[in-house]
Every structure is written in C-alpha cells, then in structure tokens.
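K.L.:
Once you've had a glance at the structure underneath, I'll fire off some questions.
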Amino acid sequence: MNHEGRVLIVDDEVSMCELIATTLQMRGFETVSCHSASDAIGLIRKSEFDVVLTDVCMPGTTGLQLCQQIAALRPDVPVVVMTAFGSLETAVAAIRSGAYDFIVKPVEMRILAITIARAVEKRKLTGQIRLLESQSFASDGDSELLGDSEPMRRMHDQLARAAPSDASILITGESGTGKELVARSIHRHSGRSEKPFVAVNCAALSETLLESELFGHTRGAFTDARNERRGLFLEAEGGTLLLDEMGDMPLAMQVKLLRALEEKRLRPVGSDHEIEFDVRVLAATHRDLESAVEDGRFRQDLFYRINVIQLHLPPLRSRGADILRLAAHFIQLFAENSGKPVLGIAEPAAEKLLEYSWPGNVRELRNAMERAVALTQYDTVTIDDLPDKIRDFRSGSVFIGGDDPTELVSLEQIESRYIEHVLNAVNQNRTEAAKILGVDRKTLYRKLKTT
Ligand SMILES: Nc1ncnc2c1ncn2[C@@H]1O[C@H](COP(=O)(O)OP(=O)(O)OP(=O)(O)O)[C@@H](O)[C@H]1O
C-alpha cells in the first residue's frame, strides 16, 4: 500500500467531499468519503483508517457527536473537525469531544494537507507508545489473578499444570474476564519467565500492518518502512507471544501464521530470507472459534494448532463470592491510589454486586469500584455510589421477552425469545449460549434454524 495514510472524509455536501478527496489524493493520501455520521461509524467498524476528517454541521448525528463516538470506539484514530470561520466555541467543543485538531472553513487546502499529515504521524506515534507500554508491563501486585470460587479454582489448577509445558494454549472467555492476565501468569510460571512476554492485539491492526508487526520488515519494504523492524516474534525470542483477539485475525494472515508456527521460521515483509524463532504462542479470544471455523471465518488447521490446551475463563456472574473479593481488592487499590480512606463496601451495595449480571466482567467491576471510591462521601462504598445500571438491575423476574409485559405467548415463542436473549448476553457465542441453556450445540443450531 503506497500511500501517506488512509483518510475517511465525512461531509453531507457531496461536492465538498469530492474537492477534499481530490486534494488529499494528489498529496498521496488514500481517501474514502461518506455523507453521514452513521455511515462513518459503519465504515470505521469494518475498515482501518489513519484519520477521520468530519464536518460539524450535518443532519442527524453531528460531527461533535461523531467525535465522541469515535473516541469511544477507536480512541487510536484521530479526528479532525471542520468548523465555520469565527466559531471558536465549536472548535473548543470539538476538542472537548475528543477531536485531535480542527480546521476553519472555508478550508485552505494546503493547511488541510498539513493538518492531516500531522494527525497520521500522531496515530503512528501513539501506536508505538502503546506497544512499548504493553511490552513493559511489570508483574506488580495489580497483575495477580484473584479468585477462590469453584470455577476459578479449577482454572488455577489447569493453569498450574499447563504453564510449565511448552504447548500452545488457547485462552477463551468473555471480554474482561482476565484472559490477558492469565497469559501473563502462564508466562511467569513457565521456563521462559526470564525472557520477554509480548502481547499484540490482532483486532486493532489491518492485515498488512499485522504482518509487519508480527514478522518485521526490511528497510524500504513499503513507503513508511524507513528502517528495518524486527517484529514481535523476534522481540519475544525465547519467551512468550500472546496473540490477543485471535478470532479477529484476517484469513490471509491466518495462513501465514500457520506456516510460521509449523516451520518455526518466518520471513520478514520484503525479505528473501527466512529466520528461525523459538517462541511459545498463546492465543486469546472472546469469540466462539469453533463456530467461526464452521462458518469459514477461521481456519480449522490453525485452530487445531493453537488449541492444544484450552483454558476457559468463567464469566464473572458465575464466580459467586469472588465478586466481593475482587470488589474489596479494587476498593483497596483505588483508595490507596487516591489517598481516600475507603475501607470496604456497605451490605446493600454488596448485595447489588452479587445480583448484577456483569456483561463487562472483571473490567466492568474494576471500573465501577474506581468510580465508587471517587464518589463516596463515607468510609465505605454505598449503593448510591454504584452506576445506575447496577443499582437499578432487577434479577429474578419471569422471562417473557417482547415489549408488552401483559402479553401471553406460547412456550415455543418464549423458548425462541429466551435463546435470542442468551445469545445477546454472551455476544452471540453459541458454545457459551449452549452451555448456559443446558443443551448441546447441535440442539441449539437446530432450534435456531426452526425459529
Ligand atoms: N481474576 C482477576 N483478578 C484481578 N484482576 C483481574 C482478574 N481478572 C481480570 N482482572 C482485571 O480486569 C481487567 C480486564 O482483564 P483482562 O484485560 O485480562 O481481560 P481480557 O479477558 O483480556 O479482556 P478482553 O477480551 O476485552 O481483551 C484488567 O484490569 C485485569 O487486571
């Protein structure tokens, strides 16, 4: 890909989009245009961009709201906002909404090109810093894998047995259940603990970037490759490499990865030579890889290669009293960090934590406790310090689904609505849904087909 960066242009005025696109293309940028914020979000979810350039005034979702959505969805993608001349308030609001920069309309094309180039550069730098941070994560107190509930004990047992072997391990579990923490723990308890632990998020990078990130590249392999890069496999030499969000790896990359793993050799992008490596590979995913294999989205041969041992992290809602142990641990951590004398949690608040369904798992609990410690006016976390979602959560109601609570429906309808409800709760993971529903996967598929 020979271009300076990929820019998404969002403006409801088609002629404006065309003018900007031509200007940027002439300066070597690749551009994609769309005419509404909702189309922009759809494109950002599907494809990789280095910068988003958006107008503020658009019918429907405004450019400022779009900034906020991108900041939540893809904080690594800088947004440049076009504001009307003389409207300083809008420019300030844009920066507050998470925009990286703004340019004033009527747009001066030379300034536009410089601003976009700066934003692309910024994105590259942040990517490198994140990578460094993930590599230098020390094994401090915050990285301990807490939990004493039955499912977590089983997990700890399996971890202790699997860690010293050199086998590939597939770590599965919903988002926020602690998969990365488990990977670090496997590394610490293995014969490779003195060597590096390196983690890479396969979902965050496009196919080309991922290949050069993993295998490295020679100088001049592509436009941006001013220097040679060793790649993460070689950075992790002798140690452990975690391929996080493995279920999102592009199919073409899966082929290259499988070859490298089987031959224990890799070829840096742009090089004629293969290099041997010695790295233990761990993979983590919140997706249902077995279904992905059945649907042709994940290669079966690669699945067998990485799934030598599987460690499954149970969702937080099934860990019983661990919820309170973890809450206490996080309260202590944030109380120490903020210097606030918060000692524990009041009973009604504790009951709510046990009742709640925790779709975001341990990460959600950690965030809730950080917020609660900041908010509380007492020496304990009270029910008022919990987010509304948790405080207002009602469990135990009879499940009917549908919009009308007085509606009377057939058992068959309840079954199909409940299946849909469970699938939504577990991110469409059919293996996990079948477990919760107490049926095997084949039965679940059959029921899905008939509904
Ligand atoms: N058992 C645990 N004990 C203590 N802290 C935990 C535990 N499990 C998870 N955490 C904390 O919860 C947060 C989320 O964990 P982690 O990033 O490992 O989850 P994950 O499953 O890899 O998430 P994702 O699938 O979204 O990448 C981290 O801050 C981690 O330290």
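K.L.:
Are there helices (runs of 4 or more DSSP H) fully within segment 1-92 with at least 3 residues that are charged (D, E, K, R)? List them. Quick ask: steps written out before the conclusion?
P.N.:
Working: elements: 14-26, 37-46, 63-73.
Once the helices (runs of 4 or more DSSP H) in segment 1-92 are filtered for at least 3 residues that are charged (D, E, K, R), what remains is 37-46.
K.L.:
How many residues does segment 317-344 hold that are of a type outside the set (D, E, K, R), within 16 Å of the ligand (Cβ to nearest atom) and not in a helix (DSSP H, G or I)?
P.N.:
2
K.L.:
Another question, if that's okay. Can you find, within segment 184-197, the residue that is nearest to PRO315 (Cα to Cα) among those that are surrounded by fewer than 23 Cβ atoms within 10 Å (Cβ to Cβ) and touching a residue at least 60 places away in the same chain (Cβ under 8 Å)?
P.N.:
The residue in question is SER190.
Rundown of residues vs (1) crowded, with 18+ Cβ neighbours inside 10 Å; (2) more than 19 Å from ASP76 (Cα to Cα), yes/no style:
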position	(1), (2)
VAL10	yes, no
ARG27	no, yes
SER33	yes, yes
ILE44	yes, no
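K.L.:
Output the residue which, of all residues in segment 320-362 that are touching a Pro at 6+ places or on another chain (Cβ under 9 Å) and free of Cβ contacts under 8 Å to residues at least 60 places away in the same chain, is farthest from HIS286 (Cα to Cα).
P.N.:
ALA335
K.L.:
While we're on this one: How many residues does segment 193-203 hold that are more than 11 Å from the chain's Cα centre (by Cα) and assigned to a loop (DSSP other than H, G, I, E, B)?
P.N.:
The qualifying residues number 4.
K.L.:
Kindly list the number of the only condition in (1) assigned to a helix (DSSP H, G or I); (2) of a type in the set (Asp, Glu); (3) within 15 Å of the ligand (Cβ to nearest atom) that fails for GLU174.
P.N.:
With respect to (1) assigned to a helix (DSSP H, G or I); (2) of a type in the set (Asp, Glu); (3) within 15 Å of the ligand (Cβ to nearest atom), GLU174 is out only on (1).
K.L.:
With the condition kept exactly as written, say whether any residue in segment 321-329 is closer than 16 Å to MET249 by Cα, under 23 Å from the mean Cα position of the chain (by Cα) and surrounded by 18 or more Cβ atoms within 10 Å (Cβ to Cβ).
P.N.:
no
K.L.:
In addition: Given the structure, is PRO59 touching a residue at least 24 places away in the same chain (Cβ under 8 Å), of a type outside the set (S, T, N, Q) and surrounded by 16 or more Cβ atoms within 10 Å (Cβ to Cβ)?
P.N.:
Criteria not met by PRO59.
K.L.:
From the list LEU437, LEU411, pick out the single residue that is in contact with a helix residue (DSSP H, G or I) (Cβ under 8 Å, 6 or more places away or on another chain) and modelled with pLDDT of 80 or more.
P.N.:
Exactly one of LEU437, LEU411 is in contact with a helix residue (DSSP H, G or I) (Cβ under 8 Å, 6 or more places away or on another chain) and modelled with pLDDT of 80 or more, namely LEU437.
K.L.:
Take the residues in segment 361-376 that are within 14 Å of the ligand (Cβ to nearest atom) and surrounded by fewer than 16 Cβ atoms within 10 Å (Cβ to Cβ), then tell me which one is nearest to PRO315 (Cα to Cα).
P.N.:
ARG363
K.L.:
ASP379 fails exactly one of the following numbered conditions: (1) in contact with a Pro (Cβ under 8 Å, 6 or more places away or on another chain); (2) within 16 Å of the ligand (Cβ to nearest atom). What is the number of that condition?
P.N.:
Result: ASP379 passes all but (2).
K.L.:
If you don't mind, there's one more thing I want to ask. Counting just the residues of segment 147-166 that are outside any helix (DSSP H, G or I) and surrounded by 15 or more Cβ atoms within 10 Å (Cβ to Cβ), which one comes out nearest to the ligand (Cβ to nearest atom)?
P.N.:
Here is the first cut: in segment 147-166, the residues outside any helix (DSSP H, G or I) are 147-149, 163-166.
Pick out the ones that are also surrounded by 15 or more Cβ atoms within 10 Å (Cβ to Cβ) and you get 147, 149, 163.
Details: GLY147: 5, SER149: 10, ALA163: 16 Å.
This residue is GLY147.
The values are calculated or read from the model by the stated rules, or taken from the named source; none is laboratory data. Keep in mind that this is a model prediction, so the values were computed, not measured. Positions of Cβ are generated from backbone atoms using ideal geometry, with glycine treated the same way; all protein chains shown enter the neighbour counts.
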